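The values are calculated or read from the model by the stated rules, or taken from the named source; none is laboratory data. The structure displayed is predicted, hence computed values, not measured ones. Every residue, glycine as well, gets a Cβ built from its backbone with ideal geometry; the counts of neighbours run over all protein chains shown.
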Amino acid sequence: MIQVQNLDFWYKKGRPVFKNLNLSLVPGHIYGLLGKNGSGKSTLLKCISGLSFPAHGKCFIYGAETSERMVHTLANVFFLAEEVYVPALTPGQFLKNTAAFYPKFSITDFYAYLKTLDVDPEQTMSNMSYGQQKKVMIAFGVATNASVLIMDEPTNGLDIPSKVQFRKLIASVLNDERCIIISTHQVRDLDSLIDTVLILNDHKIAVNSSVDTLTDKLLFGVFENTSGVNVLYEEESMRGKHAIVQNTSGKFSKMDLELLFNAVTSGSSKVPQILEEGGGNE
């Protein structure tokens with residue numbers, strides 16, 4: 001579905017953001033794109049959606065190069081930026097002006113999602129709180145029924161109950177024909193939602209693995225003593241060593257996304273190497 005080939009990108013007079021970055025994403029998955037602030041998460045999403053243009057390399061959706069911004073391609077992609085700017089319209093008025101760009105848009109779904117997210121459809125969007133504005137745009141994006149749904153920091157501005165509503169909504173709309181990419185630096189917001197982890201580090205995709213692969217190859221936990229085990233990364237805590245070790249016993253542990261993120265972005269190559277062994281990366 002989505003192919004990123006040999007992507008190079010840099011800003012004027014700046015260091016390169018990506019060097020020969022390659023990525024392949026398929027329908028039926030919710031991808032979590034993680035990376036430090038400034039690592040290029042937003043830039044990558046904009047390149048994929050055709051809003052930014054690489055220095056070298058290409059991005060494709062269903063074989064169409066997104067930088068060409070063809071109508072049939074854009075009609076099947078919805079990109080929710082980190083910062084939203086809404087007009088002085090009610091959600092219904094906004095729908096009438098914008099929904100026609102998306103042939104599969106569902107008005108019924110849109111109002112159902114607004115209700116799920118506790119948004120008043122009669123209130124003018126510009127008078128809403130920022131969190132409510134964000135939820136209107138989330139509801140609109142999901143209601144487009146676009147095959148590619150890209151969201152950049154969608155939980156910014158949402159309170160804890162709204163984040164729960166968001167996770168339930170996104171999980172409910174995934175199907176075999178839809179590819180959902182969510183970028184965040186608030187790692188725990190995606191912990192129970194995503195099924196595939198992408199970690200952007202050092203100008204490239206350092207990890208591209210399903211949660212099943214991660215928990216098959218890695219063991220997450222708190223250890224009083226890590227002697228005699230292959231420790232890939234550890235942090236001291238009040239309870240002991242909070243660590244990732246190579247899973248050679250076939251045991252199951254719940255993935256700790258924050259610990260995984262810290263392990264990969266710390267500069268150590270141990271975790272990516274274990275995941276690559278035997279075709280771990282997907």
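Overview of values
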| read-out | value |
| --- | --- |
| Condition broken by S227, with the remaining ones in (1) under 24 Å from V4 (Cβ atoms); (2) not assigned by TED's automatic domain parsing to the domain that holds T116 satisfied | (1) |
| Output for the range 131-176, where each listed residue is of a type in the set (A, V, I, L, M, F, W, C) and not in a helix (DSSP H, G or I) | A146, V148, L149, I150, M151, L158, L174 |
| Qualifying position, being among the hydroxyl-bearing types (S, T, Y) and out of contact with any strand residue (DSSP E or B) (no Cβ under 6 Å at 6 or more places or on another chain), among S49, S106, S39 | S106 |
| Selection from the range 46-81 of residues that are surrounded by fewer than 17 Cβ atoms within 10 Å (Cβ to Cβ) and among the charged types (D, E, K, R) | K58, E65, E68, R69 |
| Residue check, V136 out of contact with any helix residue (DSSP H, G or I) (no Cβ under 9 Å at 6 or more places or on another chain), among the aliphatic types (A, V, I, L, M) and farther than 30 Å from Q3 by Cβ | no |
| Contacts under 9 angstrom Cβ, first residue in the range 237-264 being on the phi > 0 side of the Ramachandran plot, partner of a type in the set (A, V, I, L, M) and surrounded by fewer than 21 Cβ atoms within 10 Å (Cβ to Cβ), 6 or more apart | G240/V222 |
| Matching residues in the range 98-135 - criterion: being among the acidic types (D, E) and either without any contact (Cβ under 8 Å) to a residue 24 or more places away in the chain or loosely packed, with under 15 Cβ neighbours inside 10 Å (or both) | D118, D120, E122 |
| A171, sole failed condition from (1) surrounded by fewer than 22 Cβ atoms within 10 Å (Cβ to Cβ); (2) over 24 Å from F60 (Cα atoms); (3) free of Cβ contacts under 8 Å to residues at least 60 places away in the same chain | (3) |
| Any hit, the range 150-172, residues being of a type in the set (A, V, I, L, M, F, W, C) and over 19 Å from M137 (Cα atoms) | no |
| Residue list for the range 1-52, filter: of a type in the set (F, W, Y) and in contact with a helix residue (DSSP H, G or I) (Cβ under 9 Å, 6 or more places away or on another chain) | F9, Y11, F18 |
| For N201: the one exception among (1) more than 23 Å from the chain's Cα centre (by Cα); (2) at pLDDT 85 or above | (1) |
| Residues within the range 67-97 that are over 25 Å from L33 (Cα atoms) and either of a type outside the set (D, E, K, R) or touching a residue at least 24 places away in the same chain (Cβ under 8 Å) (or both), tallied | 14 |
| Hits in the range 53-66 (condition: within 23 Å of E153 (Cα to Cα) and in contact with a strand residue (DSSP E or B) (Cβ under 7 Å, 6 or more places away or on another chain)) | P54, C59, F60, I61, T66 |
